[in-house]
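Have a look at this one before I ask anything.
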Amino acid sequence: MPITRGVEDGRTAPTADGAGPVRPVTTGRRGRLALILGSLSAFGALTIDMYLPAMPVMASELRTSAPTVQLTLTVFVVGLAVGQVVVGPLSDTWGRRRPLLVGTTVYVVGSLWCALAPTAGWLIGGRILQSLGAATGMVLARAVVRDLFHGTALTRFFSTLMVINGVAPIVAPVIGGQLLTVASWRAVFLTLAAVGAVLLLAVVVALPESLPAGDRAPAHLRAALRTFRMLVTDRHYLRYVLAAALMFAAVFAYISGSSFVLQDTYGLTAQQFSLVFGLNGLGIVLLGQAGGLLVGRVATAHTLLRASLAVAALGSTGVLTSVTLDLPLPLLLACLFTVVSMLGVVLANATSLAMAGHGSAAGAASSLQGLLQFLVGSLAASAMSLPGHVTATAMATTMLVCSVAALVVLGARR
């Protein structure tokens, strides 16, 4: 007799992965889960986007170069990748709740460290701690969703998380820009510490364990390595996670370079940049919500994924054309909006398709996806800044190469 697991409408449905029973996901609980898990999964975006408007000021006040300040972003992304690949398999053994409590605490400590950092070196150390804590929230949010949902319900709930994720790019740079008008850049990290403390309390109070003890993997390194070997040899899984990673890299090139390109090259103020960045985040929200409504009704997850990657590649072509021909700024901003807004659709559908067949190793599958996503993103950002400074052409070229590569990977023969 198949064991049951909760789905989005509060009933239970059979699964074939041997998962143990969990509490049915009622409508009210679904809302609480979406808010908490969406916020945890947005840790990375929130921690990156809120301090972007302050990067030029930080370089001046810390008496360091722009590439060094940009290194705090790259280090954070690498920490996210490494943290996820460690925490994911551990959660398959220990459950989701305990690692979340530890990781969120580490995030708060790292944020306070950054706020008090006297030099760029100390700031980099704080960002490493921040990244490890944020990685825990991001990887385990996906794992908890896979514990509780399957099929179309899984894709739709991931779409809901992408809507909440999209709020972070909207509010984070706006908050960061406004904080700079009344306080120093250090206030940004104090605010992040406060956000982390609130989420820590939410996990303590309202997020029960989602992985029953009977379904946990044995605590053996060899077992974890076997799981990763199984994942990296699964061409179906790799196809989707690599497409998602390359699309993320295209957007991460924009995230990493846009504060310098739009402020230094095109003359936007920190507040104007925050507004532009927030509008692009709104695109993630709107398109993510639209994708959740369309999947299973109008198109399959694979079809939506392919269409959104094609649109992103077209938008990236427009970005490179705009900067190469020195076209008006509004046209460049429209093309950037097109690319960034596709991220919500791509990540929701690619994540659902990749993890659908790995319910018994959701933590490891989630962590490997995170590892590839952020390693590819950091490599793209590093390559973009090789000349020693970020240019509009380098940012646009990186975006185009990554978005086209994502479409090619998805279209590769199975």
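The values are calculated or read from the model by the stated rules, or taken from the named source; none is laboratory data. Just so you know, these numbers come straight off a predicted model, no measurement behind them. With ideal geometry, Cβ positions are generated from the backbone for all residues, glycine too; neighbour counts draw on all protein chains shown.
Which condition breaks for residue 47 when tested against (1) in contact with a helix residue (DSSP H, G or I) (Cβ under 8 Å, 6 or more places away or on another chain); (2) among the polar types (S, T, N, Q); (3) surrounded by fewer than 24 Cβ atoms within 10 Å (Cβ to Cβ)?
(3)
If I filter region 255-273 down to residues being small (Gly, Ala, Ser) and assigned to a helix (DSSP H, G or I), which single residue comes out as surrounded by the fewest Cβ atoms within 10 Å (Cβ to Cβ)?
Going residue by residue through region 255-273, those that are small (Gly, Ala, Ser) are 256-259, 267, 270.
If we keep only those that are assigned to a helix (DSSP H, G or I) as well, we get 256-259, 270.
On the way: 256: 28, 257: 25, 258: 23, 259: 27, 270: 20.
Top of the filtered list is 270.
For region 338-352, give me each residue that is buried (at least 24 other Cβ atoms within 10 Å of the Cβ), of a type outside the set (Gly, Ala, Ser) and over 13 Å from residue 161 (Cβ atoms). I'd like the intermediate steps shown before the answer.
Kept after step one, since they are buried (at least 24 other Cβ atoms within 10 Å of the Cβ), are these residues of region 338-352: 339-352.
Filter again for of a type outside the set (Gly, Ala, Ser), leaving 339-340, 342-343, 345-347, 349, 351.
Passing the criteria: 339, 340, 342, 346.
Right, another one. Go through region 63-79 and give me each residue that's aliphatic (A, V, I, L, M) and over 15 Å from residue 374 (Cα atoms). Please lay out each step first, then the result.
Initial filter on region 63-79 (aliphatic (A, V, I, L, M)): 66, 69, 71, 73, 75, 77-78.
Of everything in region 63-79, those that are aliphatic (A, V, I, L, M) and over 15 Å from residue 374 (Cα atoms) turn out to be 66, 69.
Within region 241-254, can you find the residues that are buried (at least 23 other Cβ atoms within 10 Å of the Cβ) and not aromatic (Phe, Trp, Tyr)?
Of everything in region 241-254, those that are buried (at least 23 other Cβ atoms within 10 Å of the Cβ) and not aromatic (Phe, Trp, Tyr) turn out to be 241, 243, 244, 245, 246, 247, 249, 250, 251, 253.
Checking residue 64 against (1) buried (at least 24 other Cβ atoms within 10 Å of the Cβ); (2) over 19 Å from residue 364 (Cα atoms), only one condition comes out false. Which one?
Going through (1) buried (at least 24 other Cβ atoms within 10 Å of the Cβ); (2) over 19 Å from residue 364 (Cα atoms) one by one, residue 64 breaks only (1).
Considering region 203-219 alone, what residues qualify as being buried (at least 16 other Cβ atoms within 10 Å of the Cβ) and of a type in the set (A, V, I, L, M, F, W, C)?
203, 207, 211, 217
So which of 74, 105 is within 16 Å of the chain's Cα centre (by Cα) and at pLDDT 80 or above? Write out each step before concluding.
Values: 105 fails: within 16 Å of the chain's Cα centre (by Cα).
Every option except 74 fails the conditions.
Exactly one condition in (1) surrounded by 17 or more Cβ atoms within 10 Å (Cβ to Cβ); (2) hydroxyl-bearing (Ser, Thr, Tyr); (3) more than 21 Å from residue 248 (Cβ to Cβ) is not met by residue 300; state its number.
If we test residue 300 against (1) surrounded by 17 or more Cβ atoms within 10 Å (Cβ to Cβ); (2) hydroxyl-bearing (Ser, Thr, Tyr); (3) more than 21 Å from residue 248 (Cβ to Cβ), just (1) comes out false.
Which of the residues spanning region 171-196 are surrounded by fewer than 16 Cβ atoms within 10 Å (Cβ to Cβ) and of a type in the set (Ser, Thr, Tyr)?
181, 184
A further question follows. Give the number of residues within region 197-233 that are of a type in the set (Lys, Arg) and assigned to a loop (DSSP other than H, G, I, E, B). Break it down into steps so the answer makes sense when it comes.
Of all residues in region 197-233, those of a type in the set (Lys, Arg) come to 216, 222, 226, 229.
Among the residues that remain, those that are also assigned to a loop (DSSP other than H, G, I, E, B) are: 216.
Summing the residues that are of a type in the set (Lys, Arg) and assigned to a loop (DSSP other than H, G, I, E, B) in region 197-233 gives 1.
Residue check: is residue 307 surrounded by fewer than 24 Cβ atoms within 10 Å (Cβ to Cβ), among the small types (Gly, Ala, Ser) and within 17 Å of residue 162 (Cβ to Cβ)? Spell out the reasoning first.
Working: surrounded by fewer than 24 Cβ atoms within 10 Å (Cβ to Cβ): yes; among the small types (Gly, Ala, Ser): yes; within 17 Å of residue 162 (Cβ to Cβ): yes.
Yes, satisfied.
Of these, 210, 131, 111, 184, which one is at negative phi and either aromatic (Phe, Trp, Tyr) or in contact with a Lys or Arg (Cβ under 6 Å, 6 or more places away or on another chain) (or both)?
Details: 131 fails: either aromatic (Phe, Trp, Tyr) or in contact with a Lys or Arg (Cβ under 6 Å, 6 or more places away or on another chain) (or both); 111 fails: either aromatic (Phe, Trp, Tyr) or in contact with a Lys or Arg (Cβ under 6 Å, 6 or more places away or on another chain) (or both); 184 fails: either aromatic (Phe, Trp, Tyr) or in contact with a Lys or Arg (Cβ under 6 Å, 6 or more places away or on another chain) (or both).
Of 210, 131, 111, 184, the one residue that is at negative phi and either aromatic (Phe, Trp, Tyr) or in contact with a Lys or Arg (Cβ under 6 Å, 6 or more places away or on another chain) (or both) is 210.
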